[in-house]
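Beneath this line is the structure, given in structure tokens, with notes to follow.
The values are calculated or read from the model by the stated rules, or taken from the named source; none is laboratory data. Small disclaimer: the values here were computed from a predicted structure and weren't measured. All Cβ positions, glycine included, derive from the backbone under ideal geometry; neighbour counts span all protein chains shown. All accessible areas refer to the heavy atoms of the entire protein, side chains included, with ligands and DNA or RNA removed. Shrake-Rupley method; radii C 1.70, N 1.55, O 1.52, S 1.80 Å.
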Amino acid sequence: MEVFEVTHQTLNTKPLSKPLGVDTMLYILLIPSSVASVSAGLLLLQAMLAAWSKRRTAARSIDDGSSEDAVNREASQNKITGHIKRLGGAIIFTFRCARLFCCLLLLILFIYTTIGPSHISQQMNMSICATFAYATFLALLSVVVPPPLDTLACRHLATILVATWVVYAYRDIWPYATWIPAPADASEGWLLWIKLVLLSTAAIAIPGISPRKYAPLNAEEPLDPTPEQTASIFSLMFYFFMDGLVMKAWRTDHLPLEQFSPAADYDLAHNLIKRSYPHLDPFQTNSKRHLFWGLMKIFYKEYILLSLMIVSIVACTLASPIGINRLLLYIESGGTGTVVRPWVWVLWLFLAPTLRSCSFQWYIFTATRMRVRAEAMITSLIFDHSLRIRVKAESEHEGEDSARSSIAATPETTSVAEAQAEVESAEDVLDDDEETLRASSASGTSRSAVDKGKAKSSPEPEAEHSAVSAQDKLKNLVGKLNNLVTVDLDNITPAVDFLMLLELVPLQGAFSVWFLYSILSWSALVGLATMLVLSPIPGYIASHTQEIQKQKMAKTDARVQTATDTLNVFRMVKLFGWEPRAEEQLSQKRDEELKWAKKYKLLNLLVFLVSYVVPVTVMLTTFFTYTAIMKQALTASKVFPAMSAFELLADTLQRIWWNIPMIVQGKVSLERVGEFLHETELLDQFAMQRDGPADGTQQADSQSDVIGIRDSTFTWSDEDDKTRTHRRKFALRVIGELTFKRGSVNLIIGPTASGKTSLLMALLGEMHYMSTGLKSFVSLPRNGGVAYAAQESWVQNETIRDNILFGSPFDEERYNKVIEQCALKPDISLFDAGDKTEVGEKGITLSGGQKARLTLARAIYSSAQMLLLDDMLAALDVHTAKWIVDKCLKGDLVRGRTVILVTHNVGLAGKIADFVVAMSSDGRIAKQGSLVEVLESDPGLSQQMNEESKEVDQVEQAVDTVDLGALAKESTGGKLIVEEEIAVGHVGWSAMKIYLTALGGAHPGLFWLAFAGALFAGEIGTSSSTWFLGYWAQQYEMKAPSEVNVSFYIDIFAVMLFSTVATWGLAYVVWIFGNIRASRKIHHDLITSVLGSTLRWLDKTPVSRILVRCTQDINAVDGKVNSSLSSFLDVSATMSVRFAAVMLFSPLFIIPGSLVSAAGGFCGQMYMKAQLCVKREMSNAKAPVLGHFGATMTGLTSIRAYGAEKAMREESFRRINMYTRAAVPFYDLNRWICIRLDALGGFFVALLAAYLVYGKTSTTASGTGFSLAMAVSFSGLILWWIRTLNDVELSGNSLERIAQYLNIEHEPKPTQDGVPPAYWPASGDLRVEHLHARYSPDGPRVLHDISFEVKSGERIGIVGRTGSGKSSLTLALLRCIITEGTVFYDGIPTNSLNLDALRRNITIIPQVPELLSGTLRQNLDPFGEHDDAELHDALRAAGLYALQGQDVADDGRITLDTSIAGGGGNLSVGQRQILALARAIVRRSKFMILDEATSAIDYATDTVIQQSLRHKLGKDVTLLTVAHRLQTIMDADKIMVLDAGRIVEFDKPSVLLRKEKGLLRALVEESGDKAALYDMAEMASSST
């Protein structure tokens, strides 16, 4: 808001009066009749066109029979009621009748005036009467004619009445604002005032307050109108239509989305698509023009309106200093030579900012509505086009940008309550609030799939064939697309404000210079030149911040990556006692980040201070030139308007620096979207649709019954595609004919990277097809439906049932069969909600095997006749895989359907195969035919099948298998794990207190004293310098210009200004150091709290949710919390000083000033209450849009295979509409508060001006000007105070979420007494006495009175059926659950030890070990404590080198530098166990716990692991093995048999086997290999 100052002097002289020209007053009466004449001609032409259009419509209606129906409907209802309804309803009809009545009265009055004596000529009176007769006729038409003629009549009538009102306002109202004695029509007396009241009612009041008629976008499908669509003009101007929402929110704690007004029909996604696709969709535009021109065609009407609003904004902005200048001139001159009365300029101080606010808010209203629509349009466009593209792997270089952009983004598994809440600023109303809602391509943590088939594989050069590279491929693609709809869309939408740069900047700059020149002559040009010279300095300094920002972001990325890696293996960190080291590592990363953050903040502060100094210097040089060189008097009427104009000019130049980067970013992002639309490779069917068929790409008839390929080559990319990389060299070649058997099970087998998946993709049309023969074809009939189960299982964030149904109707009998045959019953029984359990983003609540079976169930349940199954057995253990083969693939639901199954497990699936295709490693078909024929041609395959058959047989020996036919649990409720607490209402003081106390560190009082003292000193200095400027100007009222000591005053003024800058700088240096201190402390407290939590809390809390606290919310503490709080404190200090200054010079004004402040505060409270509700719902609505987009892109191949594109589009539209429903009121609420506070501020200033000018005060002229300057500043800050307070509220949500994680379940903290002796442990002795355990304080016991003793070096096997307490015992030994009793480890009770010391000296190897993303070296030695020689020895002892042998190529060998994917995704389960064993050997623990892997690992790997355990561990290492197969523990020293949490047997295996009713003996007797087990037990007994 501009700063003005006004001087005052007693008004004791009369101004000169200058009557307006009589001819002018007479001739303007011709304007209404001229407008009416033009209107009549246009109306006649428009009526003729409407009648012609109606006849054409009627003819079409007769042709389709709709005319008769319409007549019948019309006859069936009351004609008058129907007519009123068509006109818009009873209220609109009443207002139109009232206007008709006013026009009729006006006509009568003007006829009466014409008949009687008049001071106007008869011809002029007749023309006015004719005008009102025509207006009355139009008013009658608006009441009686049907649509659309009524609307036409209303528009013409409004134009004529407004023109007439302007003429009579100028003739008869404006003279009262001047010193002219009387209005032009004063001779009419009271009749004149009746005319003016009736004319104002008809021309202004009725059109302004009458509701608008709802015009549906589609007349055939009208929707319920929104308040905005029927709001009156005045309601739209002042946003009264938002009052209902504000009041609803005011009366409740939280307003749900369902209570918002529905989205208007013109904002619905399908209507936006109809509007935009003809200009944006490459399949409809048939050109590669820049998307900018398409968007301009769509929004050209909006941009015309924005352009007009900018003109109005500039005019009203400059009107305020002009008004101040004229008012002060009037005061200084005593009114001599003026025409306008002073009350006009006083009123102008209210009207100018109010009208500017109306224009500016309507500009923002239109711009934000364009943003929401453009967001929906571009999101839908990218979504639709993504359904056409070919999924292909990206090279590292291609995927680099995507990965970098999304590295710190919110994980897809983030709950919607975790969205970062931010709010718009006045000029840039769209902050990056989507950054916490992005569906990042980084996946959340989930249990890894057990992929037996990849047991011996290492990273393959052909990325498309391994599970890991397929995942990388999708990750790159999804990351790239997510960046388009998040990062790029965030850049595009703010760039709609480019008119601010192209129009507002030149207009405002030119008018500011003109105004300055008009009051300060050519000295203003000196100031302008100074500004142009100095303005690049802040930009130059700011350019250096970019490098610091890059370094800071790199350190942030490193910290986020470390936090992500740590939390992804959080359980391992707890079990290994690594919490202190993990905390130290994270703190180190944090310190490095904050070091650069401090540099960045200090440099930004320097930029701010220099940016403040530049306009100060410009003002000083201008005033110096005007007073010292030009020797002119610097009066109050020149000083304060000039200050305002200089601020406008500085704002204009700053806008250039603000807007150019924003527009450049928007242009680059728009070009990225355009490149995606025009350059991305499409599937062949879409490429032919767009470009026409290419040579040699003839497809077979889709209705053909043939399933197969003949003489064809398939690649993952078109040969002509310029983006093709070295990874695209693979080609699938089918020489001759390959025909699959219909109604049968077809197998596709072959080595890794041979093209098995590619063959399925070729059938589905996902690969680029090239014919190599005259009769080549590829055919997959889709008339019976196609179902596809991908190797990388794809699930939606829906319930288990919805994932299986996938849009199909529910058939209970079929559904239950699918559940049983796909072995999902026991899994569903584990969930409290049964099949109503939500699986989460990317199926986070499911294991890899569960997701594979869920994907299979979807395919089996569908009615598709073609089932394409891609290696879904690989993610299953042998027991489950055997069930799937026997119960599902042999079952009645598959019988008669064509199954094409890719598998490595020939031993299992081969028994049901009718036709087998064997692939060779070069992507060709090696053999096809029956299984016997294929096995005869490949001895190696026969050997593999024999080995796999042995593994199948071993499944019978498992001692804790799950009953796959168990009954499923009934559904109770389906929400994930624990509902996250969503705060309602305002941010609590306790959360904000965390930050406020952390700012001061150990000396909070000293910090706040220094900061607040310097801040208030700076604000007082600013106000004092303004007062001193008025004091300087006052000298020219008492002395001649030559007598004023210019150098004295300008020196003091300069010292005051620069001292203020230094004080401000000191305040913010203190604040920056406090902010760094708070950021470090809060991060440390959060990490310490999370790392010190219990495993029980971890089980209830998704890792993704913890990750958001440690990344997104911590980033908010560094940025948004800091900036919003500092802005709020700054604005609060400024308002306090300004208000005190006003009260100091105008003490009597404290009451109205306080009332205005209270009114502003009350409006602000209502706004913030509503805004918090709307913002939370907006965040909640945004996350599903991005989540559905990411999930759809991940499952692109599956969606296209099922033909579910339309369903995905409809779901996307539904979610976009929900987001629009929340986004529109979010922006409109900002308009609602802005217009009210701006009007309130203008009223405050005008009231003060009236008091100072007309009140009997003794205030001097400079004092009056100073008071007004402070009042204007104060009134403008009311809005910013509300905004910054709202920012604090919204950003404080991050503090609330962090505070929630500071008060969680914690394990006992380390103490000095808990540090063990240095020698401990010297042995692996273990003694357990009366151990009881439970998982929660109020939960049941899971272990009962466990007592046993193990000598150092003994190998103990632990067996028992599922639920017997094996895992609970291992957790109890590590004190991970609540225990009673005593455990002695090497003679010391474990409950007396610190947990980290205990767990560091016990190593547990879980069934599926967790691995860090990074190198193998980092996994074995995360904290760099061992040299490579030790690590090599550990790998050798663990058996890795023996497993790799000599037949593995060098590039396929696992070495210390081998990259390990997150969770070890690029390794088999067996390889992961070997690495976990090596890690245990490196740790040199005396006590190890092994949770043995199931038979999912291959035979060779299992043999190596068992040999390493028996022979490579130290003789003093005690080993407890939780066994899943008897043969791995029958040679143990002792075996412990658990049942229902109790030890039922514990002795040597040979002893236990001699017990006739012993449980171990019963288990052995049930085994199919009992003889071998007895032999192993005897050999173990004899060896001891």
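Note on residue 219 and residue 1052: their simple-model spin labels are 7.5 nm apart, each label 7 Å out from Cα toward Cβ.
Would you mind telling me the share, in percent, of accessible area of segment 606-679 contributed by carbon and sulfur at probe 1.4 angstrom? Don't jump to the answer; show the numbers that get you there.
Working: 1960 of 2810 Å².
Carbon and sulfur together cover 70 percent of it.
With protein chains left intact and a 1.4 Å probe, residues in segment 589-628 average 38 Å² of accessible area per residue.
Distance between the modelled labels on residue 258 and residue 1159, one decimal in nanometres: 3.9 nm (7 Å Cα→Cβ projection). Between the alpha-carbon centers of segment 1184-1256 and segment 996-1021, tell me the distance in whole angstrom. Each part reduced to its Cα centre gives a spacing of 37 Å. Under a 5 Å amide H cut-off, with hydrogens placed 1.01 Å from N, residue 1093 pairs with 1307 among residues at least 5 apart or on other chains.
For segment 1270-1372, the fraction of 1.4 Å probe accessible surface lying on carbon and sulfur atoms is 54 percent. Proximity of backbone amide H atoms, modeled 1.01 Å from N, is registered between residue 1521 and 1356, 1357, 1358, 1490 at under 5 Å, excluding neighbours fewer than 5 places apart on the same chain. Between residue 209 and residue 1507, residue separation times 0.36 nm minus the direct Cα-Cα distance comes to 458.3 nm.
Surface composition of segment 139-255: carbon and sulfur atoms hold 69% of the protein heavy-atom accessible area at a 1.4 Å probe. With θ taken as phi - 60° and the Karplus curve 6.51 cos²θ - 1.76 cosθ + 1.60 applied, the whole-hertz 3J(HN,Hα) list for segment 273-278 is 5, 4, 6, 9, 4, x Hz, x standing for glycine and proline.
Just the accessible area per residue of segment 1008-1090, please: how many Å² with a 1.4 Å probe? Present the calculation step by step, with values, prior to reporting the outcome.
Values: 3360 Å² over 83 residues.
With the other protein chains kept in place, segment 1008-1090 gives 41 Å² per residue.
How far is the Cα center of segment 581-605 from the Cα center of segment 331-374, in Å? Rounded to whole Å, the Cα centres lie 47 Å apart. Find how much the distance from residue 1318 to residue 936 grows on full extension, using 0.36 nm per residue of separation minus their present alpha carbon separation; answer in nm with one decimal. Answer, rounded to one decimal: 131.1 nm. Counting only heavy atoms of the protein chains and using a 1.4 Å probe, residue 810 has close to 90 Å² of accessible surface. For segment 888-902, 3J(HN,Hα) computed residue by residue from phi via the Karplus equation (6.51, -1.76, 1.60; θ = phi - 60°) reads 9, 5, 9, x, 6, 6, 9, 4, x, 9, 8, 10, 10, 10, 8 Hz, glycine and proline entered as x.
Of the listed pairs 1548/1570; 297/480; 842/1182; 1175/1206; 1081/1309, which have alpha-carbon separations greater than 21 Å here? Present the calculation step by step, with values, prior to reporting the outcome.
Values: 1548/1570 17 Å; 297/480 28 Å; 842/1182 18 Å; 1175/1206 31 Å; 1081/1309 18 Å.
Result: 297/480; 1175/1206 exceed 21 Å.
So if each residue of separation counts as 0.36 nm, and I subtract the Cα-Cα distance between residue 46 and residue 1562, what length gain in nm does that give?
Details: separation 1516, 0.36 × 1516 = 545.76 nm, distance 9.78 nm.
This chain segment gains 536.0 nm when fully extended.
With protein chains left intact and a 1.4 Å probe, residues in segment 1131-1190 average 30 Å² of accessible area per residue.
Rolling a 1.4 Å probe over the protein heavy atoms leaves residue 1574 with an accessible area of roughly 60 Å². With a Förster radius of 41 Å applied to the C-beta separation of residue 1016 and residue 587, the computed FRET efficiency comes to 0.70.
Please give the FRET efficiency for residue 1327 paired with residue 1099, using the beta carbon to beta carbon distance and R0 = 30 Å, rounded to the nearest 0.05.
Working: r = 29 Å, r/R0 = 0.97.
Calculated value: 0.55.
In order along segment 761-771, the phi-based Karplus estimate (6.51 cos²θ - 1.76 cosθ + 1.60, θ = phi - 60°) of 3J(HN,Hα) comes to 5, 5, 5, 7, x, 7, 9, 7, 9, 9, 7 Hz; Gly and Pro are listed as x.
FRET efficiency for the pair residue 191 and residue 91, taken as 1/(1 + (r/R0)^6) with r the Cβ-Cβ distance and R0 = 22 Å, rounds to 0.10. Note on segment 547-604: lysine pairs with Cα distance below 24 Å, sequence gap of 8 or more or different chains, count 19. In this rough spin-label picture, where each label sits 7 Å from Cα along the Cβ direction, the residue 1062-residue 510 distance is 4.3 nm. Close amide-amide hydrogen proximity is noted between residue 682 and 390, each under 5 Å apart and 5 or more residues distant or on a separate chain (H modeled in the peptide plane; Pro and chain starts excluded).
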